[in-house]
Amino acid sequence: MRGHYEELAAEYDEHWVYGPDYVPWMAGRIAEALRLSPADRIADIGSGTGLFAREVVRALQPSHPILCVDPSEAMLRQLGTPSPPGLTPIVASAEDIAGGRARLPYNEIDAMWLKESVHHLADPAHTLRGLAKRLAPGGRLLVVMLPATIQYPLFQAALARFEELQPDPAAIVEHLRTAGLEAGLTHVEHELRINRDRYLAMVRARYMSLLSTFSDSEIEKGIEEMRVAHPEPVLVFPDRFAFVTGQRRGAGV
């Protein structure tokens, strides 16, 4: 899967940003769920190009740089050289952080999030347990993920494969509780409006990692299916996310 993101890195932001409101909206929901403050030591685990970390920096003005952690150097290079103020790139996987194999500038993390990356973890229970150990007393961890089913205007084979691959948010809650965190589950929803041809181009570029499991011919067949099912020029559909939150006991918690 790392190769998928290496290939997509240069065009990632173009394909991933549905519209001008999406990134500020999601970054705001992340900041609210984690109750971020400027004094927090923060990590974005699986940050990619830092889309959401950049927006959090802009809105929060943290006193410590946000750690943008990703195994793909190509994705992290999109932050710029040198990195923008308030962001520190760390080339490492979630497993590296969980296992203590990556050197971080902070001994403990006050708040970390994983956005739509938990499904890439080979052993989510083990990795989340390791990440929980990196939290400071009272530290918060947020897993942002799609629910078990989605209402995207994708072709049917893609929707079926999504359901095969996507973890159940309830299982992630249990993993965090097993890791010793106080955990809970909420949902947020954002209405997406996107030009149909642009969305088809995003599918062709395999903007979702699950689309990388389809061949070129399967993608083209799927796009034709989508054209027939959605003749309207602007696609309107809900983008619903599960927010799994966990907090380490301590510091008055």
Within the stretch 200-235, residues at pLDDT below 95 and either out of contact with any helix residue (DSSP H, G or I) (no Cβ under 7 Å at 6 or more places or on another chain) or farther than 23 Å from residue 146 by Cα (or both) come out as 201, 208
Being modelled with pLDDT under 95 and among the β-branched types (Val, Ile, Thr) narrows 91, 118 down to just 118
Scan the stretch 100-140 for residues that are open to solvent by less than 10 Å² (accessible area, probe 1.4 Å), in contact with a helix residue (DSSP H, G or I) (Cβ under 6 Å, 6 or more places away or on another chain) and part of a strand (DSSP E or B) and jot them down.
111, 113
Considering only residues that are free of Cβ contacts under 8 Å to residues at least 60 places away in the same chain, over 23 Å from residue 133 (Cα atoms) and touching a Ser or Thr at 6+ places or on another chain (Cβ under 9 Å), which ones fall in the stretch 59-113?
60, 76, 79
Give me the residue from the stretch 24-73 that is hydroxyl-bearing (Ser, Thr, Tyr) and open to solvent by less than 20 Å² (accessible area, probe 1.4 Å) and, out of that set, farthest from residue 187 (Cα to Cα).
72
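Per-residue answers, yes or no, for (1) exposed (fewer than 15 other Cβ atoms within 10 Å of the Cβ); (2) under 16 Å from the mean Cα position of the chain (by Cα); (3) free of Cβ contacts under 8 Å to residues at least 24 places away in the same chain; (4) farther than 19 Å from residue 32 by Cα:
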| site | (1), (2), (3), (4) |
| --- | --- |
| 158 | no, no, no, yes |
| 178 | yes, no, no, yes |
| 187 | yes, yes, no, no |
| 203 | no, no, no, yes |
| 207 | no, yes, no, yes |
Here's a check for you: in the stretch 209-229, which residue that is open to solvent by 10 Å² or more (accessible area, probe 1.4 Å) and of a type in the set (A, V, I, L, M) is farthest from residue 160 (Cα to Cα)?
228
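The values are calculated or read from the model by the stated rules, or taken from the named source; none is laboratory data. As the structure is a prediction and not an experimental result, all values here were calculated from the model. So basically every Cβ, Gly included, is an ideal-geometry build from the backbone, and we count neighbours across all protein chains shown. Just the protein is used for accessible areas: all its heavy atoms, side chains included, with ligands, DNA and RNA removed. Shrake-Rupley method; radii C 1.70, N 1.55, O 1.52, S 1.80 Å.
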